[in-house]
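Inspection log for the structure reproduced underneath, given as structure tokens.
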Amino acid sequence: MFNTKKWALIALIVALGAVVLAACTPTTETVTVEVTRVVTETVVEEGQTVEVTRVVTETVVETVEVEPDAQPAGPKDLIVCMAQEPDSLYWYGTSMLAAQAVQHAIYENLITTLSYDYQAQGLEKLPSLNDGDAVLESVEVNAGDTVVNAGGEVVVVEDGTMLVTSDGETVEFAGEAVMMDRLVVDFTLKARTWSDGEPVKASDSIYSFNLLSDPDTPASKFTVERTASYEATGDLSTRWTGIPGYKDSTFFTNFWQPLPEHVWGSFSAAELLEAEESSRMPVGDGPFVVQEWIAGDSIRLTPNEFYYQEGLPYLNSVTYKFIPDTNQLIAQLLSGACDIGTQDGMDAGQAPFLIEAENNGLLTPYFQTGTVYEHIDFGVNSYGDYGDGVGRPDWFEDVRVRQAMTMCTDRQSMVDNILFGRSEVIHTYIPSVHPLYPEGLTEWAYDVDAANALLDEAGFTDGDGDGIREDPATGTPFAVTLGTTTGNEMRQQLTQIFKENMLQCGIDVELYYLPSSEWFADGPDGVLFGRRFDLGEFAWLTGVEPSCSLYMTDSITGPEEEGFGGWGNSNDTGWSNADFDAACKRALGALPGTEDYEQGHIDAQVVFSQEVPVIPLFLRLKVAAARPNVLNFGVDPTQNSEMYNIFEIDLQQ
């Protein structure tokens, strides 16, 4: 029976009627949009009340008003609608996605990260060891030199320091010189001009590096601390030299975004954080120039007359409008008041409406799997008084239990019901489209019969016939908890599906939800990273570089004095596997393009997929939308902002 229903888009439809009528002119036409609904129902099954989330076949017909598609030829003025207003446009003054969307128009991309790879744009090429513009050279290291030690830390060499030699041996420094490897990388900038007509020079990149190095610049100093020198070798060329022992897997990105020293040179690093010339109206080398920033409303840009790519950009202007309400943003897309709606203003919850709008020829939605993946972690080895056999039976040490629970999880149902079939089930910590995704990876299919057979084999059987298995050693019912964060409808839906799945395999799962501040708190008090949980659901970030280090033994969260990786480290499962560690370390200690790098990452994933210390679920979606006449627009999995190619976006007239 139905007790409650959550109609996901009722508020959206109501808002559209009001907003569109107010925004449109009398020349608008009316179209009908049908919306498939997602509902959560409370039902009674076998005497128990449970919540079930599903897509129902009912549709609701609503009417919205839109402008006719036909537009008179005229200036190509693109309007991009975003949910957020940038806090700054200063290169080292913001990390907001909304700011990146605008910065792509102001500054030339040096390097793009499309489709899990790297591409040169503002550089002549990406340096490589094969081409000779990157070199791994052996240098002499003595006491007092700054190096990366065998543990990956930046240290000053002294007696007792553990070092990795050029021959790959780990030795203890005892006063005599040691030969170590260091990287030397040469870059060449494409010739171009600042928007005020001054040439962009290699020295502008050196200036940028020095700004980043300044203590008053609030940005990561990770690569700076591992840099021996960064110098100009010509008008358009630079050389980066790493400190000995630092084998940077992304050495080919160590060219710093040129910044206009001729304009900013009189400001200190602290002053640049707030200066109008850097934070609101910066001089750039990209396709557009800021003309006006109306706080709380919009930023308007016009083409850079000095832009070096001939014939580009195509647009006469770009206006970024700030519309924090998703319903209003979509309404303005439908009315033609916006041409593009960016991902910061939409999510998978709008998918049914966007799909119906596409079917009616109103919008072109973009659903792209991104770099964030959801997963359920096993408490393989818990900590302290929550330890296996202390606070609870050792449910998850046996790999067969983890494999069975993975097979018992209907992950495709989660993708279909929560993400409307627009994402994909993930089987490791990178997606199947990644170039380092292995052949022969174990991909556990949804198979309840096989899962139950494997649990029987492991000795977890239902001795009393109540439908719940018991621990063979203690007779304790296989009843565990699954925690995640509050206020996240997607996670509430997927955990409910998981709970229902596990009952099919004789496992009783109790769900609980905590505020993010509590759920992600460091140990020893935090639940997740204090390793005081049975099952935990959350998300990690993947990317171009496979993140095997998340699950290494060295990364197990726990007190360092007890041999763990420190509270706040990444491996909350407590899982430890020597073969995985060896493969991951092989990859992390090598450079891209080498056999050790590629095979190490492949071997680590093969072990991970077989051992399943976590159940990888699915990739989150990036969701954006555009009017049908917008050309050359798209969303990429590994390029964060979808406005990366603003120089070639066009409007069909």
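No value in this document is a laboratory result; all are computed from the given coordinates. Keep in mind that what you see is a predicted model, and the values were worked out from it rather than measured. In this analysis, Cβ positions are derived from the backbone assuming ideal geometry, glycine residues included, and neighbour counts consider all displayed protein chains.
Shape call for the stretch 279-369 from the C-alpha gyration tensor, a ≥ b ≥ c root eigenvalues: rounded (a/c under 1.5), prolate (a/b greater than b/c) or oblate? List each step's numbers first, then the result.
Details: a/c = 2.50, a/b = 1.78, b/c = 1.41.
Prolate is the answer for the stretch 279-369, as a/c is 1.5 or above and a/b outweighs b/c.
Just to be sure I understand the rule: take each whole DSSP H helix in the chain, project its Cα atoms onto its long axis, keep it if the span is 18 Å or more and its mean Kyte-Doolittle hydropathy is at least 1.0. Which ones pass? Don't skip to the answer; put the middle values down first.
Numbers: long enough: 10-23 (20 Å, 2.97); 489-503 (22 Å, -0.76); 595-611 (24 Å, -0.95).
Going by DSSP H runs, the hits are 10-23.
If you look at just the Cα atoms of the stretch 230-297, how large are its Rg and its Dmax in Å?
16.4, 50
Checking the a/c ratio against 1.5 first, then a/b against b/c, what shape does the Cα gyration tensor give for the chain? Don't jump to the answer; show the numbers that get you there.
Values: a/c = 2.26, a/b = 1.07, b/c = 2.12.
Cα axes put the chain in the oblate bin.
Evaluate the Debye formula for the stretch 405-554 with equal point scatterers sitting on the alpha carbons, no solvent, and hand back log10 of I(q)/I(0) at q = 0.16, 0.22 Å⁻¹, in q order, two decimals.
For the requested q values the scattering log ratios are -1.12, -1.43.
How long are the semi-axes of the equivalent ellipsoid of the stretch 321-411, taking √(5λ) for every eigenvalue λ of the Cα gyration tensor, in whole Å from largest down?
Details: eigenvalues 427, 51, 17 Å².
Square roots of five times the eigenvalues give 46, 16, 9 Å.
What number, in percent, do you get for the relative contact order of the stretch 505-653 if the mean sequence gap of Cα pairs under 8 Å and at least 6 apart is divided by its residue count?
Value for the stretch 505-653: 13 percent.
Could you work out [θ]222 nm for the chain from helices alone, using -39500 (n - 2.57) per DSSP H run of at least four and dividing by all its residues? Round to the nearest 500 deg cm²/dmol. Working shown, then result.
Numbers: 16 runs with 145 residues, N = 653.
For the chain, the value works out to -6500 deg cm²/dmol.
Sequence-distant or interchain residues sharing an amide H contact under 5 Å with VAL141, placed H: which?
Answer set, sorted by chain and number: VAL178, MET179, MET180.
What whole-number distance in Å separates the alpha-carbon centres of the stretch 124-183 and the stretch 561-586?
24 Å
Run down the aspartates and glutamates and flag those whose C-alpha is under 15 Å from the C-alpha of LYS190, throwing out any fewer than 8 positions away in its chain.
Reachable aspartates and glutamates: GLU108, GLU124, GLU198, ASP204, ASP235, ASP285, GLU310.
What are the extents of the Cα atoms of the stretch 192-265 along their three principal axes, listed from largest to smallest and rounded to whole Å?
Cα extents, longest axis first: 41, 28, 16 Å.
With a ≥ b ≥ c the root eigenvalues of the C-alpha gyration tensor of the stretch 502-593, is it rounded (a/c under 1.5), prolate (a/b larger than b/c) or oblate? Working shown, then result.
Working: a/c = 1.92, a/b = 1.51, b/c = 1.27.
Because a/c hits 1.5 or more and a/b exceeds b/c, the stretch 502-593 counts as prolate.
THR193's amide H: which non-local residues (gap 5+, or another chain) put their own amide H closer than 5 Å, with H modeled 1.01 Å from N in plane and none for Pro or chain starts?
Long-range HN contacts for THR193: VAL200, TYR308.
Take every Cα pair under 8 Å in the chain that's 6+ residues apart, average their separations, divide by the length, and report that relative contact order as a whole percent.
On the way: 1426 pairs, mean separation 110.7, N = 653.
Computed value for the chain: 17 percent relative contact order.
Setting aside same-chain residues fewer than 8 positions from LYS221, which lysines have a Cα under 21 Å from its Cα?
Within reach: LYS247.
Checking the table LYS76/LYS125; LYS76/LYS321; LYS585/LYS622 against a 22 Å threshold on Cα-Cα, which pairs fail?
Violating the 22 Å Cα-Cα cut-off are LYS76/LYS125; LYS585/LYS622.
Please give me, ordered by residue number, the trypsin sites (Lys or Arg not before Pro) of the stretch 374-470 that lie in loop per DSSP and have at most 13 other Cβ atoms within 10 Å. Before the final figure, lay out each step's value.
Details: sites: ARG400, ARG402, ARG411, ARG422, ARG469; in loops: ARG422, ARG469.
Listed in order of number, the matching sites amount to none.
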